Structures are given as structure tokens and as C-alpha cells.
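The values are calculated or read from the model by the stated rules, or taken from the named source; none is laboratory data. Everything quoted here is computed from the prediction, not taken from an experiment. Cβ placement follows ideal geometry from the backbone for every residue including glycine, while neighbour counts extend to all protein chains displayed.
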């Protein structure tokens, strides 16, 4: 007979940990809930840091190596925090045909960052997406959750400069 | 519950709003929302106020013509899209005018003709309710005959009867492979074991493909109904929908649909007062293209890295946690209810000899009408692109159409008259795929396109097998040299050799098909590669 292992205490008093814990509890702390749990950590905190990965690993009784392996395998999981604003350029086929590549290049040049990186002042993260599904608006860019369509690079940069 | 009980329920739901005669339907699927449908919806509600009790503003699913969004249609209560007045590019400021026109002639300034081939040439089976019913309304789905196929299967058919109808329909998997659905179901049904699973693959990863998303956002109950019928036929009591986290709206609508169907007794315990029970759970993807491959998808549901494993054993024999598992795509499940309702023979009367029914395609790229269409199998590419799609805008000429995403290929002008089905596309060196069609005009460079897809496959390779992990990288390097006009003819020969090696030695579909975009562009546009040869 195996005894239910004691669960580790929450890393801090931050209420967001309770959301994470609820996800694990709902799944009976089963190892197969790992991806669901990482989603809830990222939803709550914006990214996955080492402390949270350790906490999840202990709670689900999984080796840290496995948790790290899963967190790094999936593109959606971020291991570092985003900037205050996020500019996601869609690089799906329809957007590519309509010049998404040039948009990314121009942004890289203007802000001196590569896709996936954040400017030094933490103001802007440049990201790319495989397809945001707004093919009718190609090339499409998602700035802080709002989809902007049929853009050229100068209009886009003007929009980004407006952000605080 | 039997069919009469359900018909009575449907009648009740239809009669719930007796005063409403006309509906102002606003598309609230993702594409129209991106172009500003939410403010339009609010403005219409505000303009309508309480002044016209016989009219109601309703959020509906995809009406197809995404490039003209936000779309609004004005229809009689039970009317379809063809019989409605359709408005395009609607802005919140237009709401007053639209409301004012409800009692009089239509507002010509915004009107979009519904007798245009884009609408007239389509045949809707999968999307029959899209753009008509409210995707968040369980009652709305039942009112148009929803869940009747499930109740029919449970109350009047044995699992064997269901298998027979699905087999007779000739339906083939809509995720791209085209495996006969009836055969797949029968195989899982025959497997011993008390625990079996149904999985709906909604990990639509092909860039430029948005059919499954639109189906889930427009008519989520339809997919659940198909899954429940499948579970009954094969003897499963647990089902998963594996869906991309990049589709938040589809996830939300599916969650709502599962909750409401469960509460009404169409999912969960003892469905329709029979002994059949089915729990449906959503599992979110996390941005890995390879998870569309069935064994990788199952690994991901089990909480592991999404890496494929060799087949056999196929999931039908040993799938999720080692149990027999049925995996079908969203569109496949969405075809099931009409097959049960109208019979397999009816379905088999549509389409071509070996590809039955209709197919939903996402039209994108340099084409006038970007959006979602559903046409019978066997429709020619020329019809789809020139007539339905409205051709190439801006006076440019057509160069190629890309189907099948990163696993497919490009089809040139001289083959446009081919009737589209699984087999014809294969002979052209491409594949049906899930249904994305990207049209390219003369300004697209085919070497660039091949490099784009190879970059995609290289980044998305899971790294488990060497041919794919290393091969895609080497092929990408050569394509990059070619695109920069730095490659030699020896490089080109090496590229072709690598294509063959990666194709025949990779573990899963991702690697096996990764060379397709290169091979098909080499087949039809070899001169473009040769023109790029520089170096020494």
C-alpha cells in the first residue's frame, strides 16, 4: 500500500500559487497533469522560473529534469519574463507571402533584438507566431493582444512608439 | 430519451422567442473579431435598443468571407445565409443605418452579394450551421436538429449499425492522411479491453490553415456529437480534445459546449437515459507542431514531451496509456452527425470515386476572397481559385497554389484543372493535408517558399530521430545558400539526395514529408533553382 506523499508548502504567500495548486489538485496530482500545471503557472505569473519548476516537480512527484524537459520542449512556455509590451508578428504562410519576413527584419533592426528577446529597458518583447489565424488580415501583428492587420513596417513602428 | 422526445425539446427551444422574426447576425469567430466585430455587435445592440422587439442581434459563427469582415447578415429567424442580406466591412458607425433598414429595403452601400460564386458554388455539410446558430447556445444547436444523430444512434442503432453507416459513407480522415474512417473505427471496436479512448485532434498546426478553428468556434456541439457517436460505436467512455492553446476562443466555446451538453444530459453519465456514458476533457497543446502527429499527441496528453514513437503498434491497438484509442480530426467528427442522420449512402453520393463528401478549405495568400469554403470533393482547383476565390487581385498573374502546409507542395498553373481529392493531389506531389490553400502570384520566389517551409520543419523537428533533426537543418542551409545565389550545382544535387534520405528514413510524418515543398517546387519550378545557381 502506498501512502500519499506529503505535498510541499506553497513557495510564498502569493495568492497566485493557490490557482496553480488548484490545477494540480483537480488532476489528483497525477504526473500527466504536468502540461496543464505549467500552463496555469504561466497564466498566473507570465513565465516559468526555476523556483516554480522545482515546486511543480516536487508537487507532482516528478524529476526536475523531466519538468525542465517538458517546459523547454514546448514553444509556448517562456522561461524568462516578457517586457511590458509584446509585439507578436505572425509568420504563418499567408503572412509570409505578404511580407511578414520584412516586418520582423525591420523590427530587429529598429530595436536591436532578435525574436524571442526583450529590449534592455524591458519595454518591448518581439515574438513570432506560427499562425494567429487572421490570414484575411495578412500580414498580421498582435500588439498586446490586439490584432493589427495589413501593416507595413513604418505604420507598425509608429504604433509601437506610441506605447508607454 | 428517443427521437420524438428530442424533437419536442427542439420545438420548445424554437418557440422560446415567439416575438422574434428577424435576426441581425454578427460573425463572432476569430477572424471577424480581429477585424473588429465586437464593437460592431455592441453598437448594433445599442442601436436596436428596445425599439424593435421582433428583431434580435445574435452572435454567430464563421460566414466564410473573412477578408470582408466584420460580416453582418440580416435574416429571417430560421433563414440560411443564402437567403439573407449580407453586409461586409461593417463598422460600429454603420449600426444605426443597418437597424434603420430593417423595416425597409437593404442598405446597398455595405451589401455583399450572396449569389456570388463564393457563396453559390459551396455545398455545406460540415459548416451547415456556421453563421446561422449561436455557437454558445446549446438550445440553438438542438433547435436546428442537433444531437438527433446521437439520440438516433443510442436509441435505434447498435454500435455495429453505426460502424456500418460510417463505413458505407466512404468518409476518409480529414486531418490529412485520408485513412478510411469506418475502417479505423471498426479496428478500435474489435480490440479487446474495457478501457478505450476517443481523441479529437484539434492541434491544427499548419500555418495558413484555420478550418478546425472555425468549426470549433462556429459549431462546437457538432464536434462533441460526432465524438459521442464514435465513443458509442467503439465502446469508449472517456474522450479528450487536444487543442492548440493558441486558439483561446475555440477553447472557451468548447468548454462552454461541454458544460452545457453535460448539464442537459447529452454528455456525462447515462446519456439520453441509456447505459452509455462519456466524459470529455480538454487538453491544451503548448505550441509544438509535431503534436499533430498522433503518437506525439498522445505523449503530450500523457504530460510528456511531444515526441512520436514508431508505429506499429498503431493507436487503435495500443494508444493512450497503452489502451486502444481512436484519433480523428475535428472535421472528421463534424461529418458524423449528418452521416447518421442522412445515411452513409447519401454521403457516398457526394464527391469522387475514392473521396466522398465535401472538404473545408482555408483560402489565403494573394487571392481576392480570403476565407473559409466548403466544396464537394472533386471540385477543380481552377473553380476554387478563380471562381470562388475571385482570382488574383492587383492584375498580377497566378503562379502556384500551396496545399498541405509544410508537408505538402506547390501546384502550378498547368494542373489547375485537376479535380481535388486525396489521390489526385498525391499524384501532383502534394497532399490534401488538413485543407489550407495558399495562393501565390508571380512575385513569389519558389526557392524562398521552399526555404520558408524547411525553416518551419527544422524548428519544429522534435529532435528524436537523426534524419529529421539533422537533415532538415542541412537542407535548410543549402536552400539558404540557394536563395542567396551562393550555391553550386553540386549543392543542388546534394539537396535532392538529402530529400530522398530524409523522406525514406525519418520516424514520423513530419520528417517523412518535410522534403515535399522542396521536391514539388523542384518538379515544377526547377528553372528558378537553376537561375539561383551562382558560386563556382
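Which one is farthest from residue B:305 (Cα to Cα) among residues in region A:51-67 that are within 13 Å of another protein chain (Cβ to nearest Cβ) and out of contact with any helix residue (DSSP H, G or I) (no Cβ under 6 Å at 6 or more places or on another chain)?
A:61
Which number in (1) surrounded by fewer than 19 Cβ atoms within 10 Å (Cβ to Cβ); (2) away from every other protein chain (no Cβ under 14 Å); (3) not in a helix (DSSP H, G or I) marks the one condition that residue B:97 misses?
Of everything listed in (1) surrounded by fewer than 19 Cβ atoms within 10 Å (Cβ to Cβ); (2) away from every other protein chain (no Cβ under 14 Å); (3) not in a helix (DSSP H, G or I), residue B:97 misses just condition (3).
So if I check each of A:103, A:48, A:79, A:19, which one is in contact with a strand residue (DSSP E or B) (Cβ under 7 Å, 6 or more places away or on another chain) and more than 10 Å from chain B (Cβ to nearest Cβ)?
A:103
This table checks each residue for (1) surrounded by fewer than 17 Cβ atoms within 10 Å (Cβ to Cβ); (2) over 21 Å from residue B:459 (Cα atoms).
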{"site": "A:25", "(1), (2)": "yes, yes"}
{"site": "A:48", "(1), (2)": "no, yes"}
{"site": "A:60", "(1), (2)": "no, yes"}
{"site": "A:71", "(1), (2)": "no, no"}
{"site": "A:81", "(1), (2)": "yes, yes"}
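For region A:42-65, enumerate the residues that are touching a residue at least 24 places away in the same chain (Cβ under 8 Å) and in a helix (DSSP H, G or I). Show your work before the answer.
Residues of region A:42-65 touching a residue at least 24 places away in the same chain (Cβ under 8 Å): A:42-49, A:51-52, A:55-56, A:58-62.
Listed by number, the residues that qualify are A:42, A:43, A:44, A:45, A:51, A:52, A:55, A:56, A:58, A:59, A:60.
Report yes if some residue within region B:294-312 is in a strand (DSSP E or B), free of Cβ contacts under 8 Å to residues at least 12 places away in the same chain and either over 26 Å from residue B:506 (Cβ atoms) or more than 14 Å from chain A (Cβ to nearest Cβ) (or both); otherwise report no. Walk me through how you get there before you give the answer.
Quick first cut of region B:294-312, residues in a strand (DSSP E or B) only: none.
Checked against the condition, which is being in a strand (DSSP E or B), free of Cβ contacts under 8 Å to residues at least 12 places away in the same chain and either over 26 Å from residue B:506 (Cβ atoms) or more than 14 Å from chain A (Cβ to nearest Cβ) (or both), region B:294-312 yields no hits at all.
If you go through region B:370-386 one residue at a time, how many are in a loop (DSSP other than H, G, I, E, B) and modelled with pLDDT under 95?
Residues that pass the stated criteria total 1.
Which of (1) closer than 22 Å to residue B:531 by Cα; (2) surrounded by 24 or more Cβ atoms within 10 Å (Cβ to Cβ); (3) in contact with a helix residue (DSSP H, G or I) (Cβ under 6 Å, 6 or more places away or on another chain); (4) within 12 Å of another protein chain (Cβ to nearest Cβ) does residue B:482 not meet, given it meets every other one?
Result: residue B:482 passes all but (4).
Can you find a residue in region B:338-353 that is surrounded by 18 or more Cβ atoms within 10 Å (Cβ to Cβ), within 13 Å of another protein chain (Cβ to nearest Cβ), in contact with a helix residue (DSSP H, G or I) (Cβ under 7 Å, 6 or more places away or on another chain) and in contact (Cβ under 8 Å) with a residue 24 or more places away in the chain?
Checked against the condition, which is being surrounded by 18 or more Cβ atoms within 10 Å (Cβ to Cβ), within 13 Å of another protein chain (Cβ to nearest Cβ), in contact with a helix residue (DSSP H, G or I) (Cβ under 7 Å, 6 or more places away or on another chain) and in contact (Cβ under 8 Å) with a residue 24 or more places away in the chain, region B:338-353 yields no hits at all.
Taking region B:1-55 on its own, how many of its residues are part of a helix (DSSP H, G or I) and within 14 Å of chain A (Cβ to nearest Cβ)? Break it down stepwise before answering.
Taking region B:1-55 first, the residues part of a helix (DSSP H, G or I) are B:3-14, B:30-34, B:37-48.
Restricting the remaining residues to those that are within 14 Å of chain A (Cβ to nearest Cβ) gives B:30-34, B:37-39.
Within region B:1-55, residues that are part of a helix (DSSP H, G or I) and within 14 Å of chain A (Cβ to nearest Cβ) number 8.
Can you pull out the residues in region B:271-293 that are assigned to a loop (DSSP other than H, G, I, E, B), without any contact (Cβ under 8 Å) to a residue 60 or more places away in the chain and more than 10 Å from every other protein chain (Cβ to nearest Cβ)?
Taking region B:271-293 first, the residues assigned to a loop (DSSP other than H, G, I, E, B) are B:274-277, B:285-288, B:293.
Now restrict to residues that are without any contact (Cβ under 8 Å) to a residue 60 or more places away in the chain: B:275, B:277, B:286-287.
Answer for region B:271-293, where residues must be assigned to a loop (DSSP other than H, G, I, E, B), without any contact (Cβ under 8 Å) to a residue 60 or more places away in the chain and more than 10 Å from every other protein chain (Cβ to nearest Cβ): B:275, B:277.
Of these, B:365, B:389, B:394, B:404, which one is within 14 Å of another protein chain (Cβ to nearest Cβ), modelled with pLDDT under 95, farther than 23 Å from residue B:200 by Cα and touching a helix residue (DSSP H, G or I) at 6+ places or on another chain (Cβ under 8 Å)?
Working: B:389 fails: modelled with pLDDT under 95; B:394 fails: touching a helix residue (DSSP H, G or I) at 6+ places or on another chain (Cβ under 8 Å); B:404 fails: farther than 23 Å from residue B:200 by Cα.
From the options B:365, B:389, B:394, B:404, the qualifying one is B:365.
Which of the following residues is crowded, with 20+ Cβ neighbours inside 10 Å and farther than 24 Å from residue B:289 by Cα: A:160, A:103, A:156?
Working: A:160 fails: crowded, with 20+ Cβ neighbours inside 10 Å; A:103 fails: farther than 24 Å from residue B:289 by Cα.
A:156 is the lone residue from the list that is crowded, with 20+ Cβ neighbours inside 10 Å and farther than 24 Å from residue B:289 by Cα.
Check region B:320-328 and report whether any residue there is within 14 Å of chain A (Cβ to nearest Cβ), surrounded by fewer than 24 Cβ atoms within 10 Å (Cβ to Cβ) and within 30 Å of residue B:449 (Cα to Cα).
The answer is no, given that none of the residues of region B:320-328 is within 14 Å of chain A (Cβ to nearest Cβ), surrounded by fewer than 24 Cβ atoms within 10 Å (Cβ to Cβ) and within 30 Å of residue B:449 (Cα to Cα).
All but one of (1) closer than 26 Å to residue B:407 by Cβ; (2) within 13 Å of chain A (Cβ to nearest Cβ); (3) touching a strand residue (DSSP E or B) at 6+ places or on another chain (Cβ under 8 Å); (4) modelled with pLDDT of 95 or more hold for residue B:227, so report the exception by its number.
Residue B:227 satisfies every listed condition except (2).
Could you tell me whether residue B:418 is in contact with a helix residue (DSSP H, G or I) (Cβ under 7 Å, 6 or more places away or on another chain), surrounded by fewer than 18 Cβ atoms within 10 Å (Cβ to Cβ), closer than 29 Å to residue B:526 by Cβ and away from chain A (no Cβ under 14 Å)? Don't jump to the end; show me each part of the working.
Working: in contact with a helix residue (DSSP H, G or I) (Cβ under 7 Å, 6 or more places away or on another chain): yes; surrounded by fewer than 18 Cβ atoms within 10 Å (Cβ to Cβ): yes; closer than 29 Å to residue B:526 by Cβ: yes; away from chain A (no Cβ under 14 Å): yes.
Spelling it out, residue B:418 is indeed in contact with a helix residue (DSSP H, G or I) (Cβ under 7 Å, 6 or more places away or on another chain), surrounded by fewer than 18 Cβ atoms within 10 Å (Cβ to Cβ), closer than 29 Å to residue B:526 by Cβ and away from chain A (no Cβ under 14 Å).
Return yes or no: is residue B:88 in contact with a strand residue (DSSP E or B) (Cβ under 6 Å, 6 or more places away or on another chain), within 30 Å of residue B:290 (Cα to Cα) and modelled with pLDDT of 95 or more?
Working: in contact with a strand residue (DSSP E or B) (Cβ under 6 Å, 6 or more places away or on another chain): yes; within 30 Å of residue B:290 (Cα to Cα): no; modelled with pLDDT of 95 or more: yes.
Against the criterion (in contact with a strand residue (DSSP E or B) (Cβ under 6 Å, 6 or more places away or on another chain), within 30 Å of residue B:290 (Cα to Cα) and modelled with pLDDT of 95 or more), residue B:88 does not qualify.
Among helices (runs of 4 or more DSSP H) lying entirely in region B:389-497, which contain 2 or more residues that are touching a residue at least 60 places away in the same chain (Cβ under 8 Å) and within 22 Å of the chain's Cα centre (by Cα)? Talk me through it step by step, then tell me what you get.
Details: elements: B:422-427, B:446-460, B:466-483.
It comes to B:422-427, B:446-460.
Here are some residues: B:203, B:212. Which one is touching a residue at least 60 places away in the same chain (Cβ under 8 Å), closer than 23 Å to residue A:33 by Cβ, under 17 Å from the mean Cα position of the chain (by Cα) and within 13 Å of chain A (Cβ to nearest Cβ)? Let's see the steps before the verdict.
Details: B:212 fails: closer than 23 Å to residue A:33 by Cβ.
That would be B:203, the only listed residue that is touching a residue at least 60 places away in the same chain (Cβ under 8 Å), closer than 23 Å to residue A:33 by Cβ, under 17 Å from the mean Cα position of the chain (by Cα) and within 13 Å of chain A (Cβ to nearest Cβ).
Could you please find all residues in region A:22-41 being closer than 21 Å to residue B:306 by Cα and either outside any helix (DSSP H, G or I) or away from chain B (no Cβ under 14 Å) (or both)?
Once the filter is applied, which keeps residues that are closer than 21 Å to residue B:306 by Cα and either outside any helix (DSSP H, G or I) or away from chain B (no Cβ under 14 Å) (or both), region A:22-41 yields A:27, A:29, A:30.
Of the numbered conditions (1) buried (at least 23 other Cβ atoms within 10 Å of the Cβ); (2) within 14 Å of chain A (Cβ to nearest Cβ), residue B:432 fails exactly one; give the number of that condition.
(2)
Is region B:513-527 home to any residue that is free of Cβ contacts under 8 Å to residues at least 40 places away in the same chain, more than 29 Å from residue B:394 (Cα to Cα) and surrounded by fewer than 17 Cβ atoms within 10 Å (Cβ to Cβ)?
no
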